[in-house]
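**Student:** Sharing a structure below in C-alpha cells format, with a few things to ask.
Taken together, the values in this text are just the output of simple stated rules run on the coordinates, not laboratory data. Predicted, not measured: the structure shown is a model, and the values here were computed from it. Here the Cβ positions follow ideal geometry from the backbone for every residue, glycine too, while neighbour counts run over all protein chains shown.
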Amino acid sequence: MHYELFIAFRQIRARKFQTLLSVGAIALAVMVLTVSQALMVGFTGELYNTTVNKLPHVSVSPQEGEDYIYLYRTLTERISSIEGVSTVSPFLTGQASFRFKDNSLNSELRGIIPSQENEISSIEEDMVEGNFRELEFSRNTVVIGSRLADKLEVNLGDSVSVSFPNANPLSLRVVGIFHTGSPLDESLTYTSLDTAQEFYDVTDVVNGISVRLRDFDQDRKVAAEIEETGYRARGWTETNPAILRTIAIESTSNNVIYGLIIIIASFGVVSTLNLSVIGATGQIGMLRAMGASVSSIQRIFILQSGILGLMGALAGTFAGVLVALAIGQYEVPAASSDVYGGITFIPIVVRPQDIVVIIVAVFLLNLITGIYPARQAAKLDPVKAISTR
C-alpha cells in the first residue's frame, strides 16, 4: 500500500496543471456548498427565532360550544404539570377600534398577565419605547405596535379611545411601543387581563391559553395530552404549517443543487484521471511487467481521486468559511430590514458538523468516481502499454 500511495502522490505532482484544475473545480464547488449551507442554517434559525420562538408552541381554546374558559386557573395548573411545559399564559383577546384625534384603526386587543406573556413571546425584547411591565402596575394602559402608533399618530403617554360593539368604551394610556418588523406591529396590542375583562364586559374568564415548551418539537404530543382535559389544543406545526413547508422546500431544493454541484466537480476529477491514464500508459505497462497486480493499479488511481477530492474539499471549506463569515458582516439596509422580519445582518451559521460532513462526503464521492478510470487503467495489456511508451 505504501508504494501505491507514493506513486499516486508522484502522479499528482507530475501533472501540476491538471491537479490544479481538478482541485480548483472541487474547491469552488465545495466553497459554494459551504456558503450555501451556512446561509440556509442561518436563515432557518432566524425563521425559527422570529416565528416559532415568538409564537405559543401550543394554543388552548375553550371547549366545544363554549366562548370562554371559565376555570382557567385550574386548567393552567394542570397544563403546567405536564412534562415538557415551561410557561403557561392565559389571555382574553378580541377586536377593538382605536381612535386618536381624527385617526381610527381596528386592531386586536389582547389582555394578558405581562410576566407570563413575556415568557411566551419575548415581547420585552421588541420594546422600542416605554415599559411592557407597566401594564402590570397601571390600570387602563396599553402597549401598541410601531406601525399602529405611526398610523394613529400617537406617542408614549398619549391616551387613545378604545371601543367596539357590545364592549365598554375605555380610554387607555399608551405606556409602551414595540417593533417586531412583522404585521403584528399594526394588528396586535396588549393590555392587562383585568382591563380586557372590563372592556369586553366579562368576569374572570379567558378565551385562550398560550403554552411554551422546553422542546417545541413536542407540540403535537403535549397538545394531545391537553385535549384529554376536554379543551381544544393545537400545536404550532398545525396552526403555522407554512413555516414547515417553507423550510422543507428550501432544504430540498438546496440539497438537490448542492448534490449537482458536487457531482459536476467530481466528474471533472474523472476526466482528469482519464487523461492521466492515457498519459501514463507506458508507466502502467512497466508496473505490470514488474509484478504490480491489477488491484494495485486500481488502488493507485483510486487513491489519486481520493487525494484530489480531499485537497479540494479542504481548500473549498476553508475558503467557504472565510466567504461566509465575510457575508455575515454585511448589514441589511434599514428599509429592507422591516421586509425581512427585522433582520439587520445576513444570518450566517457555520456548524463544525456541516464542515466535517461536506469534507467526508466529497472525499468518498471522489473515491467512488475514481473507480471507473482505475478500472480502465487496470485493463491495459502490459505488452501493448510498454510498446506505446
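**Student:** Want the number for R133 to R173: 0.36 nm per residue separation, take away the alpha-carbon distance, what's left? Walk me through the numbers on the way to the answer.
**Tutor:** Working: separation 40, 0.36 × 40 = 14.40 nm, distance 1.39 nm.
Full extension from R133 to R173 adds 13.0 nm.
**Student:** Between D150 and L364, what's the calculated FRET efficiency when r is the beta-carbon distance and R0 is 56 Å? Round to 0.05. Could you put the intermediate results ahead of the total?
**Tutor:** Values: r = 56 Å, r/R0 = 1.00.
Efficiency, from the Cβ-Cβ distance: 0.50.
**Student:** What's the FRET efficiency of T74 with R220 using the Cβ-Cβ distance as r and R₀ = 22 Å, to the nearest 0.05? Kindly include the intermediate steps, with their values, before the conclusion.
**Tutor:** On the way: r = 24 Å, r/R0 = 1.09.
Plugging the Cβ-Cβ distance into 1/(1 + (r/R0)^6) gives 0.35.
**Student:** Order the peptides 76-82, 93-99 from the highest to the lowest mean number of other Cβ atoms within 10 Å of their residues. It would help to have the intermediate numbers written out before the result.
**Tutor:** Numbers: 76-82: 15.7, 93-99: 18.0.
Listed from highest to lowest mean packing, they are 93-99, 76-82.
**Student:** Compute the label zone of N255 within region 7-43: residues whose backbone N is under 16 Å from the point 7 Å along Cα-to-Cβ.
**Tutor:** Under cut-off, by backbone N: 37-38, 40-41.
**Student:** Return the long-range amide H neighbours of L213 (sequence gap of 5 or more, or a different chain), with a cut-off of under 5 Å between placed amide H atoms.
**Tutor:** For L213, the qualifying residues are H57, S86.
**Student:** Compute the Cα gyration tensor for region 113-162, then decide on rounded, prolate or oblate, letting a ≥ b ≥ c be the square roots of its eigenvalues: rounded whenever a/c is under 1.5, prolate when a/b is larger than b/c in the other cases, and oblate in all that remain. Write out the running numbers ahead of the final one.
**Tutor:** Working: a/c = 2.24, a/b = 1.42, b/c = 1.58.
It comes out oblate by the Cα gyration axes.
**Student:** Pop a pseudo-label 7 angstrom from the Cα along the beta-carbon direction at both R232 and R13 and give the gap in nm to one decimal.
**Tutor:** Each label point is offset 7 Å from its Cα along the Cβ direction, giving 7.5 nm.
**Student:** Next question. Please list, in order, the residues from region 192-226 whose amide nitrogen is less than 13 Å from a point placed 7 Å along the Cα→Cβ vector of E66.
**Tutor:** 205-209
**Student:** Sticking with this structure for a sec: Please enumerate, by chain and number, the aspartates and glutamates with C-alpha under 12 Å from the C-alpha of K54, excluding those fewer than 8 residues away in the same chain.
**Tutor:** E46, E117, E119, E124, E125, D126
**Student:** Cα gyration tensor of region 56-239, axes a ≥ b ≥ c as square roots of the eigenvalues: rounded (a/c below 1.5), prolate (a/b > b/c) or oblate?
**Tutor:** Working: a/c = 2.14, a/b = 1.62, b/c = 1.32.
Note, shape of region 56-239 comes out prolate.
**Student:** OK, next. Where Lys and Arg each count +1 and Asp and Glu each count -1, what net charge lies around K101 among other residues with Cβ under 13 Å from its Cβ?
**Tutor:** Numbers: positive: R99, K151; negative: D102, E153, D158.
Neighbour charge sum, excluding K101 itself: -1.
**Student:** Just to verify a number: FRET efficiency for N240 and L20, C-beta to C-beta distance, R0 = 51 Å, to 0.05? List each step's numbers first, then the result.
**Tutor:** Numbers: r = 49 Å, r/R0 = 0.97.
The computed FRET efficiency comes out at 0.55.
**Student:** Find how many whole Å separate the alpha carbon centroid of region 1-70 from the alpha carbon centroid of region 94-141.
**Tutor:** 39 Å
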